[in-house]
Amino acid sequence: MMDFLKNMSFVPKNFIVANIVDTLKEDPETGAEKVFEMADKFVKDDSTLGILDQVKDVYYTRPAIRMYAKNLIYNTSKTCLNHFVQNIVVKSLMEGLPKREQLSQKYGVRIPHGLVFNLDNLSEIERLAGQAKELGIHVIMLTQDQEALIRVCEKHLDIQFLVITNDTKLSPKRCENLAKIGNITPMIQYSKAGAPNIKHLKTSGLLYGLVTKTHLDNYQHVTSDGFVLPCIRQGSRFHCYMTSTSEAIDSQNMLQLKHRVDYIRQTRPYLTVHVETGHGSFIVEEMVNQKIHQIRLPEINSQNSQGKRLIQVL
């Protein structure tokens, strides 16, 4: 591995990612530390080194993050982990961020980190996904799950697709197929009957998370340890607490919800975010040092995208 990295500037990034993932999977307990050590020796760019220092500081000072990373490495298949690192870290951040900034200036419109597709037409999804990559966007959330969706995702392996679905659509056989492809991350909604049946997702090696529609009557329960810890044990790696502007929570309780979501992320091996839907976008919120940071994901639907290029919709 060390000899390989000595020449990493001449090697395609996907091969570098594959070797990093191999290192992590070979030794999940200390794999992250080994990657940090290698990065310190071979990364020369000051801005990248600055980001790396911040990541290391969080990793070494927060036990919940270390446990989260180890759980992620242990329980995620090599294929899924490879696509996740490639699409999120390399494509979306390292390559995509400067590209989005450059094209934002060119077109005079702010190009987002990711998109939400509220579409059921697979041809339209495929068309817009291709245009998203041209703009440096490699993360797309899909609000509608279809069996045939897998064919579209296979054609765009350099996009991480976050698919909102339910447990009834995730049979053991389908989970096995999704894990083989690697770039599809299910986001499972809770059924009316209670917690979804998701134990087999952990054994398949899929990277997946949960979505909970959150409102005034349930937010205390769904952010409690009695609710969250079983989700972690069943293999869920992240949790989106979704609220809607149409079912507004009063400001005092909303602030309490955001504090609870932040507390889980700080103290449990679990990535939790608050997402507000409405007004044509999904707003992802994260509380850092008591300050709320927002990421806007525009919602693309059949009404606003028909016959248009993606840049026109944005």
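Readers should treat all values here as calculations from the given coordinates under stated rules, not as data from a laboratory. Fair warning: this is a prediction, and the values are worked out from it, not measured in the lab. Using ideal geometry, Cβ is built from the backbone for each residue, glycine included, and neighbour counts are taken over all protein chains shown.
The slack in the chain from Asp46 to Thr245, taken as 0.36 nm per residue of separation less the alpha-carbon distance, amounts to 67.5 nm. Take each peptide in 51-58, 136-143, count the other Cβ atoms within 10 Å of every residue, and average; sorted highest first, the result is 136-143, 51-58. With contacts taken as Cα pairs under 8 Å and at least 6 residues apart, the chain reaches a relative contact order of 16 percent. Think of the chain as a dipole: +1 on every Lys or Arg Cβ, -1 on every Asp or Glu Cβ, centred on the Cα centre; then among Ile181, Ser244, Gln290, Ile181 lies furthest on the positive end.
Where the only charges are on Cβ atoms (+1 Lys, Arg; -1 Asp, Glu), what is the dipole of region 200-297 about its Cα centre, to the nearest 20 debye? Let's see the in-between values first.
Numbers: 10 positive and 8 negative charges, 84 e Å.
In total the dipole reaches around 400 debye.
Working value for the chain: equivalent-ellipsoid semi-axes of 28, 25, 21 Å, each the square root of 5 times a Cα gyration tensor eigenvalue, largest first.
Indicate the gyration tensor shape class of region 55-181 (rounded, prolate or oblate), computed on the Cα atoms with a ≥ b ≥ c the square roots of the eigenvalues: a/c under 1.5 is rounded; otherwise a/b larger than b/c is prolate and the rest oblate. Judged from the Cα gyration tensor, region 55-181 comes out oblate (a/c at least 1.5, b/c at or above a/b).
Rounding to the nearest 20 debye, state how big the charge dipole of the chain is about its Cα centre with +1 on each Lys and Arg Cβ and -1 on each Asp and Glu Cβ. Each step should come with its number before you reach the end.
Numbers: 38 positive and 33 negative charges, 63 e Å.
For this selection, approximately 300 debye.
Which of the listed residues, Met38, His113, Ser77, is farthest toward the dipole's positive end in the chain, when Lys, Arg count +1 and Asp, Glu count -1 at the beta-carbon? In the chain, that residue is Ser77.
Modelled this way, with points 7 Å down the Cα-to-C-beta line, the labels at Leu93 and Ile295 are 1.0 nm from one another.
Within the chain, antiparallel bridges make up roughly 30 percent of the DSSP beta bridges whose residues both belong there. Which pairs, out of Lys169/Lys199; Lys78/Lys180; Lys78/Lys99; Lys70/Lys202; Lys173/Lys199; Lys99/Lys291, put more than 18 Å between their alpha-carbon atoms? Lys78/Lys99; Lys99/Lys291, as the Cα separations exceed 18 Å there.
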